[in-house]
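Enquirer: The structure under discussion is supplied below as structure tokens; questions concerning it will follow.
Bear in mind that the values in this text are calculations on the coordinates, not laboratory data. Quantities reported herein were computed from a predicted structural model and do not represent experimental measurements. In this analysis, Cβ positions are derived from the backbone assuming ideal geometry, glycine residues included, and neighbour counts consider all displayed protein chains.
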């Protein structure tokens, strides 16, 4: 379950980043800048959390024999 969580988090980060780029180019007609900013900030915050969980799970994996 440790690595499934990381996989899902990484997929959400990629989707948020893609959605922010799509909104930034104006494909979404209403509130495109607000959606782009919210998605970009969410992607950055989630990537920080992802990095923390990744480092913790990597150290756990390296300690296994």
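Enquirer: What number of residues in the range 6-36 are touching a helix residue (DSSP H, G or I) at 6+ places or on another chain (Cβ under 7 Å) and outside any loop (DSSP other than H, G, I, E, B)?
Expert: Going through the range 6-36 one residue at a time, the tally reaches 14.
Enquirer: So, one more: With 40, 23, 34 as the choices, which residue is in contact (Cβ under 8 Å) with a residue 24 or more places away in the chain and at negative phi?
Expert: Only one candidate qualifies: 40.
One line per residue, one yes/no per condition, for (1) closer than 26 Å to residue 61 by Cα; (2) loosely packed, with under 13 Cβ neighbours inside 10 Å:
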position: 15; (1), (2): no, yes
position: 19; (1), (2): no, no
position: 31; (1), (2): no, yes
position: 48; (1), (2): yes, yes
